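Encoded as structure tokens, the structure appears first; notes follow it.
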Amino acid sequence: MPTNIDNRRIVRIEQTIVETPTVKTLVFKDSLSHTAKPGQFLMIWIPRIEEIPMSVMINSKDGYAAVTIRKSGVGSTALFERKTGDLVGLRGPYGNSYTLKKSYKKILIAGGGTGLVPLLRLASYAQKLKIQSTVIIGARTKGEVFFENIARKIIQDNDSSLKICTDDGSYGIRGTTVELMSKVLHENTFDCVFTCGPELMMRKVVDLSNENSIPVEASLERYMKCGIGICGSCCLDASLVCQDGTVFSGRQLSKMLDFGNSYRDKDGQRINYS
Amino acid sequence: MDINDKNYNLSVEIDKIHLRNPTMLASGILGISQSIFERLYKENVGAVVTKSISVNPMKGYPNPTVISIGGGSYLNAVGLSNPGVDAFSKELSKNKKIPIMISLVGSSEKEFSRMVKVFDSLSILGYEINLSCPHVSKMGMEVGDDPEAVNKIVKTVRMNTTKPISVKVGVGSIDVVELARVAIDAGANIITAINTLRAMTIDIETMMPILSNRVGGLSGTAIKPIGVRCVYEISKNIKAPVIGCGGVSSWQDIIEYMMAGASAVQIGSVLGSNGPKIFNRITKDLKNYVEKKGMKNISEIVGIAHKY
Ligand SMILES: Cc1cc2nc3c(=O)[nH]c(=O)nc-3n(C[C@H](O)[C@H](O)[C@H](O)COP(=O)(O)O)c2cc1C
Ligand code: FES
């Protein structure tokens, strides 16, 4: 059994699950990934094509884990196209994780798309610690909602604690994650808010939490080459997402100029979100 | 300086450059962001060297580009990805107090002179010319292996600046001492040694080279004795200050490089497993060592091994 997270393990894809036409989950066996903390990521090697950072999806089978990919660039598309039986390499899990304090009683989890991956791992850890989670899943439209059943299972099928919204109202409540969150905050109190998803959404979730004086943590994404604090390609202000993150607190994020505003390209140039 | 100052007894002079302590960040490590440089400076780094910058932005090679091979050693073939001279001069435009050396890479004299013209008005210490990156064609080592090209490029940079120039040499087909001599004769002030060494690794399960470029550069613990040897030979044969680099992970390594003849020492890949705070820890330990040995200043040990 590998103990050094830097050691590359070659694993066979044991199952592929189609979540939406552009999102797939690949299941594999790796004990280090099975016990990854929520917010940690793996560097996944698609041999001779790319290596990309991927948040670790939970899998109920002991010793197993998964990654959930939305196809977009070269690497994610190649990974998306892998089939059951194909080999991929992995190293990690790397990075810090969301903090669940034992004193917490109720937490709010807000995310969308593949941002749900670390959040569902978090929800399952919270469940074990008997912390009650309210989960908001946001999507643009019905066809992009996934992980509803897994979320329901983790938070034990309590209808009022799983809330789904779509921008166009085709499923669940009509509106954005942030609009729904604002409503939920009016009716409930939470010890902490946890978020992951598109950065502009996270920026609003963090601002809203800060305005309501609720602690908040967000897991961020940046382009990565090394994943281990050497190359600097993942920098976010003075922080490295791979080593100091992926999870940052609302207090840290509110001081950052890059958060919600800009990211670095493959060549290191700063590009503005617009 | 106050004896309680954390850099008391650690200051060094390298040509015209004064550093508060002999530690430096090696080129290509966390080297593209002014905010990160400021963070390293708070952690007491002596000076930072930027990622090697070229005239145009470069995306570099696809991943995998950097991998750990265990035991504190690494392979990389990043492919000199960098934002290019214009974006990078904007990045550094607000710099006031951080001691920065800009690393330059290019294929022709024209490219180097264009870059120095843009950078020279910034608040920087000087330049490090990368003639030793082992995995990009027509740049780095491929230039470094051609003494005539080295001569022309160094002369060109010299003509465009009065700031100190270091030339970074590596282990290529030309002896490092010869290469260093060509560089100094052409007007360079300092030699940085060494860069990574050409190397590769193959995954035995998939039977494939791991780095996308197949071949890359070896860095970290494995190359330290080679770096120490190069610094020793250069400083023995050439009258110019040397900056050591390669496999440094502790204060003891820094002392060893200095004894071989280095006036300052860079830390590269091992930064990953330690984080930026390694500079604070190492400089504290260096200060203790100098005190324990009863020396006035750390530079007393520079080249001391040549006596024996
Ligand atoms: C990821 C990575 C990128 C590097 N990029 C550059 C570069 O752009 N220019 C350069 O002169 N050296 C570059 N180097 C070489 C380092 O500056 C240093 O010479 C080498 O890694 C040996 O030092 P170390 O063992 O402390 O890492 C790079 C090294 C690594 C690991
Ligand atoms: S990905 Fe290289 S430092 Fe973070």
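The values are calculated or read from the model by the stated rules, or taken from the named source; none is laboratory data. All figures in this text were calculated on a predicted structure; none of them were measured in a lab. Heads up, the Cβs are rebuilt from the backbone with ideal geometry, glycines too, and the neighbour counts pull from every protein chain shown. Note: areas computed on protein heavy atoms with side chains; ligands, DNA, RNA excluded. Shrake-Rupley method; radii C 1.70, N 1.55, O 1.52, S 1.80 Å.
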Return the residues of the stretch B:10-20 that are open to solvent by 10 Å² or more (accessible area, probe 1.4 Å) and not in a strand (DSSP E or B); say none if nothing qualifies. B:SER11, B:ASP15, B:LYS16, B:ARG20
Is one or more of the residues making up the stretch A:226-233 touching a residue at least 12 places away in the same chain (Cβ under 8 Å), away from ligand 1 (no atom under 16 Å from the Cβ) and either buried (at least 20 other Cβ atoms within 10 Å of the Cβ) or more than 9 Å from chain B (Cβ to nearest Cβ) (or both)? no
Subset of the stretch B:205-232 (residues that are surrounded by fewer than 18 Cβ atoms within 10 Å (Cβ to Cβ) and assigned to a loop (DSSP other than H, G, I, E, B)): B:GLU205, B:THR206, B:MET207, B:ARG214
Would you be able to tell me the number of residues in the stretch B:122-141 that are open to solvent by less than 40 Å² (accessible area, probe 1.4 Å) and free of Cβ contacts under 8 Å to residues at least 60 places away in the same chain? 7
Among the numbered criteria (1) within 14 Å of chain B (Cβ to nearest Cβ); (2) open to solvent by less than 10 Å² (accessible area, probe 1.4 Å), which single criterion is violated by A:VAL74? (2)
The stretch B:142-157 residues that are modelled with pLDDT under 90, paired with ones that are of a type in the set (D, E, K, R) (beta carbon under 6 Å, 6 or more apart): none
Tell me, please, whether a residue that is open to solvent by 10 Å² or more (accessible area, probe 1.4 Å), under 20 Å from B:TYR257 (Cβ atoms) and of a type in the set (S, T, N, Q) can be found in the stretch B:191-203. yes
Return the residue satisfying two criteria in turn: it lies in the stretch A:26-48 and is surrounded by 19 or more Cβ atoms within 10 Å (Cβ to Cβ) and under 19 Å from B:VAL66 (Cβ atoms), and of such residues it is farthest from the other protein chains (Cβ to nearest Cβ). A:GLN40
Of all residues in the stretch A:234-263, which are open to solvent by 10 Å² or more (accessible area, probe 1.4 Å) and within 16 Å of ligand 1 (Cβ to nearest atom)? A:GLN243
Pairs needed: first member in the stretch B:256-274, within 14 Å of chain A (Cβ to nearest Cβ); second member anywhere, open to solvent by 10 Å² or more (accessible area, probe 1.4 Å) and aromatic (Phe, Trp, Tyr); C-beta distance under 8 Å; at least 6 residues apart or different chains. B:SER269/B:TYR74; B:GLY272/B:TYR74
If B:ALA149 meets every condition in (1) open to solvent by 10 Å² or more (accessible area, probe 1.4 Å); (2) among the hydrophobic types (A, V, I, L, M, F, W, C); (3) in a loop (DSSP other than H, G, I, E, B) apart from one, which number is that one? (3)
Output the number of the condition that B:ASN4 fails; it satisfies all remaining conditions of (1) surrounded by fewer than 20 Cβ atoms within 10 Å (Cβ to Cβ); (2) farther than 30 Å from B:MET295 by Cα. (2)
Scanning the stretch B:37-63 residue by residue, those under 22 Å from A:ASP265 (Cα atoms) and without any contact (Cβ under 8 Å) to a residue 40 or more places away in the chain turn out to be B:ASN56, B:PRO57, B:MET58, B:LYS59, B:GLY60
Could you tell me how many of the residues in the stretch B:123-135 are part of a loop (DSSP other than H, G, I, E, B) and more than 8 Å from B:VAL105 (Cβ to Cβ)? 7
